[in-house]
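Down below is the structure, laid out as structure tokens.
The values are calculated or read from the model by the stated rules, or taken from the named source; none is laboratory data. Keep in mind the model is a prediction, meaning the values are calculated, not measured. Ideal geometry is used to build each Cβ from the backbone, glycine not excepted, and the neighbour counts take in all protein chains shown.
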């Protein structure tokens, strides 16, 4: 029987990993691309990702850290945040999801974060990412969540490209955990 981590690595290899030249969000060029949308929008893929993240958050909560919610930069973190929140619905303290916009809403409330009526200032949250390269986008998400009054405990990424992002996030004083590393995809 295949464990869920190995199954997730297999799905990522099949649906999300491509050997081709691309320009990344950081502006750097790369000879491979990891487009997690196909894995995260696959029913088994989002189930595996959500289950593994829930396991990690449960371990944090069992050590006394009361994580109230999960969220990250739209669009990569949206399905993850929603999946994790949904999977936690039967917990004594379920996790609430929030989305961080790339720009503030141009009309109505003009807010950066969606879902904030479920939170109070000082609530502990985890930032979720689909892929971390340098950590630049992740640290922007952390900043936006903090400006909204949330206390960011750390970051959980589905994939770490192993290009310095983990170290940059940790250097900012945050816990970092990746479900899968690029080296595991290539193994």
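Yes or no: residue 66 surrounded by 12 or more Cβ atoms within 10 Å (Cβ to Cβ), over 18 Å from residue 160 (Cα atoms) and out of contact with any helix residue (DSSP H, G or I) (no Cβ under 6 Å at 6 or more places or on another chain)?
Considered against the rule, which asks whether it is surrounded by 12 or more Cβ atoms within 10 Å (Cβ to Cβ), over 18 Å from residue 160 (Cα atoms) and out of contact with any helix residue (DSSP H, G or I) (no Cβ under 6 Å at 6 or more places or on another chain), residue 66 comes out as no.
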Breaking point among (1) touching a residue at least 24 places away in the same chain (Cβ under 8 Å); (2) part of a loop (DSSP other than H, G, I, E, B), for residue 162: (1)
How many of the residues in region 7-34 are closer than 17 Å to residue 181 by Cβ and touching a helix residue (DSSP H, G or I) at 6+ places or on another chain (Cβ under 9 Å)? 10
Does residue 82 satisfy being within 14 Å of the chain's Cα centre (by Cα) and farther than 26 Å from residue 167 by Cα? yes
If the requirement is being at pLDDT below 95, in contact with a strand residue (DSSP E or B) (Cβ under 8 Å, 6 or more places away or on another chain) and either part of a helix (DSSP H, G or I) or crowded, with 18+ Cβ neighbours inside 10 Å (or both), which of these qualifies: 157, 137? 137
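Being within 14 Å of residue 131 (Cα to Cα) and surrounded by 16 or more Cβ atoms within 10 Å (Cβ to Cβ) is the filter here; which residues of region 36-45 pass it?
Result: 36, 39, 40.
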What is the residue count in region 170-187 for residues that are within 21 Å of residue 33 (Cα to Cα) and under 15 Å from the mean Cα position of the chain (by Cα)? 5
Find the residue count for region 1-28, including only residues that are over 18 Å from residue 133 (Cβ atoms) and modelled with pLDDT of 85 or more. 12
Test for residue 76: is it at pLDDT below 95 and surrounded by 14 or more Cβ atoms within 10 Å (Cβ to Cβ): yes
